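This report concerns only the one structure given below.
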């Protein structure tokens, strides 16, 4: 047994972990470096990593590595462990389900867990219309199926995605995704009948919501034709593209136009869903009711699960056997999802997300008063992006990367994003306490000052 294997069994995960930042070795430490060396020899270079550590435990607001370093987690596995890593409810539910059965394939022998998750998603997603839900494994898979369903329902083929959008790494979702590097470059040709429209980016385009929507709609009508368009898909707050919050009135105008033209409006809530933005779903913040909603990430406390939820007439358009997958709605993941949703509800984590967002935005607003390199502070709830610029207002990716690297070396995990690579995104687990959150923000602020 290697030293890493032995160490994995040492620390306890979940809320039992000391909630502290602790750096006791250089990063990476020797045991983490051992795993990184093994990774280099066993895993292709295309599978990168952000933080050079070997994680062995996580819980609350920390991730612990094989060398005993404790990192403040401001990324939550890219918004996956929103409820907190190894949440007691999730652990108990998973353990009970593993002991009962691990798989039958829902398309062979259905089970209650899948149906219960579908019922919950039908209840929680925006709108009081009759809904149906199908479960899958990943956000990309959910998006692919949402497109399939929309095409089947409308009998049309064209799909509109947006500048700065991110929807996944499969062939179809790469076509939908805007950013070439690292997601698309060299991997084409991509799925056809996917078109890109301009999105609302208030910090960069300066347009009001209705003006930005008019630009979007004009492009679709002139270059594609409403009568040819099956679906419009957008993240209500664009994630990988830079946590871009559209101008007021933008989404409402686009949704209304889709309804007028029989186009399925798909809200990709993979990153924004499940209390992350201070609401169950970001669509609620903008007062829109999507036809279809895709979910994943925060749905199951860290287990792989995804869903497409939407209007019953649209979801029922597919023929029998047209939707599904061997592992879609796996019973263990479903058990985790039901426990996770229960934790969101009982602990009022949407309110906690709003508190976290207020702390982050107020801290950076104070810094921005004396540091013009902070170009924009945006987001909702515990999904906040800080866009960094140079003296001319141009994207400052070098500064962004330097801040993230220094913060990591001092025990804080922060993630970067943005079409231009110049946004730091804050996605802490909602179980993080204020003392730990503020310590992490202190480190990030010091890194900004030092660079």
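The values are calculated or read from the model by the stated rules, or taken from the named source; none is laboratory data. Just so we're clear, the structure is a prediction, and the values are computed from it rather than from any experiment. Positions of Cβ are generated from backbone atoms using ideal geometry, with glycine treated the same way; all protein chains shown enter the neighbour counts.
Among residues belonging to segment 217-240 that are assigned to a helix (DSSP H, G or I) and in contact (Cβ under 8 Å) with a residue 40 or more places away in the chain, point out the one that is farthest from residue 420 (Cα to Cα).
227
Looking at (1) in a loop (DSSP other than H, G, I, E, B); (2) closer than 30 Å to residue 93 by Cα; (3) over 17 Å from the mean Cα position of the chain (by Cα), can you tell me which one residue 437 breaks?
(1)
When segment 101-153 is examined, which residues are found to be closer than 23 Å to residue 239 by Cβ and either not in a helix (DSSP H, G or I) or not assigned by TED's automatic domain parsing to the domain that holds residue 279 (or both)?
Hits for segment 101-153 are 125, 126, 127, 133, 134, 135, 136, 137, 138.
Suppose the filter is out of contact with any strand residue (DSSP E or B) (no Cβ under 7 Å at 6 or more places or on another chain) and either within 29 Å of residue 187 (Cα to Cα) or assigned to a strand (DSSP E or B) (or both); does residue 51 pass it?
It is false that residue 51 is out of contact with any strand residue (DSSP E or B) (no Cβ under 7 Å at 6 or more places or on another chain) and either within 29 Å of residue 187 (Cα to Cα) or assigned to a strand (DSSP E or B) (or both).
If a residue must be in contact (Cβ under 8 Å) with a residue 60 or more places away in the chain and either within 15 Å of residue 275 (Cβ to Cβ) or surrounded by fewer than 15 Cβ atoms within 10 Å (Cβ to Cβ) (or both), how many such residues does segment 356-366 contain?
Counting residues in segment 356-366 that are in contact (Cβ under 8 Å) with a residue 60 or more places away in the chain and either within 15 Å of residue 275 (Cβ to Cβ) or surrounded by fewer than 15 Cβ atoms within 10 Å (Cβ to Cβ) (or both) gives 2.
Check off (1) surrounded by fewer than 24 Cβ atoms within 10 Å (Cβ to Cβ); (2) over 17 Å from the mean Cα position of the chain (by Cα); (3) part of a helix (DSSP H, G or I) for residue 336 and give me the number that stays unchecked.
(1)
How many residues are assigned to a loop (DSSP other than H, G, I, E, B) and surrounded by fewer than 20 Cβ atoms within 10 Å (Cβ to Cβ) when one looks only at segment 305-322?
7
Would you be able to tell me the number of residues in segment 374-401 that are in a loop (DSSP other than H, G, I, E, B) and either crowded, with 18+ Cβ neighbours inside 10 Å or modelled with pLDDT under 95 (or both)?
3
So for segment 220-240 (the condition being within 28 Å of residue 313 (Cβ to Cβ), out of contact with any strand residue (DSSP E or B) (no Cβ under 7 Å at 6 or more places or on another chain) and buried (at least 24 other Cβ atoms within 10 Å of the Cβ)), does at least one residue qualify?
no
If you go through segment 204-212 one residue at a time, do you hit one that is more than 14 Å from residue 246 (Cβ to Cβ) and part of a helix (DSSP H, G or I)?
For segment 204-212, residues more than 14 Å from residue 246 (Cβ to Cβ) and part of a helix (DSSP H, G or I): absent.
Mind checking which pairs have a first residue in segment 420-438 that is farther than 23 Å from residue 166 by Cα and in the same structural domain as residue 276 (by TED's automatic domain parsing) and a second that is surrounded by 24 or more Cβ atoms within 10 Å (Cβ to Cβ) and modelled with pLDDT of 95 or more, Cβ under 6 Å, 6 or more apart or different chains?
Partner pairs satisfying both residue conditions: none exist.
Only residues that are over 19 Å from the mean Cα position of the chain (by Cα) and either closer than 27 Å to residue 98 by Cα or at pLDDT below 95 (or both): list them for segment 344-369, please.
Of everything in segment 344-369, those that are over 19 Å from the mean Cα position of the chain (by Cα) and either closer than 27 Å to residue 98 by Cα or at pLDDT below 95 (or both) turn out to be 345, 346, 347.
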